[in-house]
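Only one structure is covered here, and it is reproduced in the block below.
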Amino acid sequence: MKLNFQRAASVIKNAKALIITAGAGMGVDSGLPDFRGPEGFWKAYPPIKQRRLTLPEMSTPSWFESDPQFAWGFFGHRLLLYRNTQPHHGFQILKKWGEKKEFGYFVYTSNVDGHFQKAGFSEERVVECHGSIHFMQPTKSYNYIWPTPEDLEFVIDNRTLKAQPPLPTGPPGLPIEKQVMGRPNILMFGDAYWLPGRTDDQEERFYEWVKLLQKQPVVVVEIGAGLAVPTIRNTSQGIIKYSRHEDSYLIRINPNEPQVIRPVDFALPMNCLDALEAIDAYMDK
């Protein structure tokens, strides 16, 4: 494994650009819950276990219509959790690597927690492909996205996971009688109502930047992205293929599903922070 870390450090140092692709495993070392399988989800949310609901069944827009207190109990709890959790040191390691590159860095993440921005990554260099809990939209009627108010708080019954009224409404600026139930600007399961405008703008910036990297040596560091929803893994592999440079590599960090397609790429069966610290130890040697 030592040789893997040493070689990984070498290819990162030689790259012209760093692309960070991240799934839910990125937040585990910060103390965020791992929702791998229903048991992990239910451990974090016992009231949902009582209803025998899985994450795909819970994370749907229909709850904001049928039981908005339950919907906002779940998403309100997540909002407060993400606000109160500090990003682990691995974020700073990645930021340090990326800022040294000729073409800089970009982050492409399915996480909705906003922790890359919280760790100091530029808002202009982050793509949140599933949206962000720090932005809101109406459940219906209006095509409008607004920042989640920083003073938004919830009182949540831990037995039922229901948030007490008043619940968020919007869009802001309209008379209260014209406002509708608000919801996070997050792509949920079976979600025909998600407003993708903010993410579309992020992706446009990202792919314009990626065009500059064709025939340049790049490194993709992928962290905690599993096979169940392969958006992040497919993006990682697509970037390497697009770069068309023999010195472009994928470093896949995943304790359970580290497999890579090309033998020259890196499969590190580890948690995020351990792997990043092990590589970083060789960066100045």
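Counting alpha carbon pairs within less than 8 Å and at least 6 residues apart, what relative contact order, in whole percent, applies to region 139-285? Working shown, then result.
Details: 162 pairs, mean separation 21.3, N = 147.
Computed over region 139-285, the figure is 15 percent.
With Kirkwood's inverse mean 1/r over C-alpha pairs for Rh, give me the Rg to Rh ratio of region 191-285, two decimals please. Spell out each step's value before the answer.
On the way: Rg = 15.2 Å, Rh = 14.9 Å.
Expressed as Rg/Rh, it is 1.02.
Residues with amide H under 5 Å of Thr169's amide H, sequence separation 5 or more or different chain, H placed in the peptide plane at 1.01 Å from N; which?
Under 5 Å from the amide H of Thr169 lie the amide H atoms of Gly182, each far enough along the sequence or on another chain.
Between 0 and 90 degrees, rounded to the nearest ten: what's the tilt of helix 197-211 against the longest Cα principal axis of the chain?
Roughly 10 degrees between the two axes.
Quick check: pseudo-label points 7 Å beyond the Cα along Cα→Cβ at Asp284 and Arg159, how many nm apart are they?
Distance between label points: 5.6 nm.
Just list whichever of Lys215/Lys285; Lys118/Lys178; Lys13/Lys211; Lys43/Lys118; Lys100/Lys241; Lys43/Lys95 have alpha carbons separated by over 29 Å in the model shown.
Details: Lys215/Lys285 27 Å; Lys118/Lys178 33 Å; Lys13/Lys211 21 Å; Lys43/Lys118 26 Å; Lys100/Lys241 23 Å; Lys43/Lys95 32 Å.
Table pairs above 29 Å Cα-Cα are Lys118/Lys178; Lys43/Lys95.
Residue by residue, what Karplus-based ³J(HN,Hα) values in Hz, rounded to whole numbers, does region 66-80 have, using 6.51, -1.76 and 1.60 with θ = phi - 60° and x for Gly and Pro?
For region 66-80, the Karplus-derived couplings read 7, 7, x, 5, 5, 4, 6, x, 5, 6, x, 4, 5, 4, 5 Hz, x marking Gly and Pro.
Give me the net charge of Leu161's neighbourhood, meaning all other residues with Cβ under 13 Å from the Cβ of Leu161; Lys, Arg count +1, Asp, Glu -1. The partial results should precede the final answer.
Working: positive: Lys49, Arg51, Arg78, Arg159, Lys162; negative: Asp67, Asp157.
Local net charge: +3.
Give the aspartates and glutamates reachable from Lys162 as a straight Cα distance under 15 Å; neighbours fewer than 8 places away on the same chain don't count.
Within the straight-line limit of under 15 Å, Lys162 reaches these aspartates and glutamates: Glu65, Asp67, Glu153.
Quick one: angle between helix 231-243 and the longest Cα principal axis of the chain, in degrees between 0 and 90, rounded to 10, please.
The helix 231-243 is inclined about 30 degrees to the chain.
In bins 10 Å wide, starting from 0, what share of all Cα pairs of the chain does each bin hold, as a percent?
Bin by bin from 0 Å, the calculated values are 6, 28, 33, 21, 10, 2, 0.
Leaving out ligands, DNA and RNA, and with a 1.4 Å probe, what % of the accessible surface on the chain is carbon or sulfur? Mind dumping the intermediate values first?
Working: 7040 of 13530 Å².
Roughly 52 percent, rounded to a whole number.
How much accessible area per residue does the chain have, counting only protein heavy atoms and a probe of 1.4 Å, in square angstrom?
On the way: 13530 Å² over 285 residues.
For the chain, the per-residue accessible area is 47 Å².
Tell me which residues come under 5 Å, amide H to amide H, from Ala22 once H is placed; ignore anything under 5 positions away on its chain.
Here the answer is Tyr108, Thr109, Ser110, Ile223, since their amide H atoms fall under 5 Å of that of Ala22.
The values are calculated or read from the model by the stated rules, or taken from the named source; none is laboratory data. Quick caveat, the model's predicted, so the values are computed rather than measured. Reconstructed Cβ throughout: ideal geometry from the backbone, glycine too, with neighbour counts over all protein chains shown. For accessibility, only protein heavy atoms count, side chains too; no ligands or nucleic acids. Shrake-Rupley method; radii C 1.70, N 1.55, O 1.52, S 1.80 Å.
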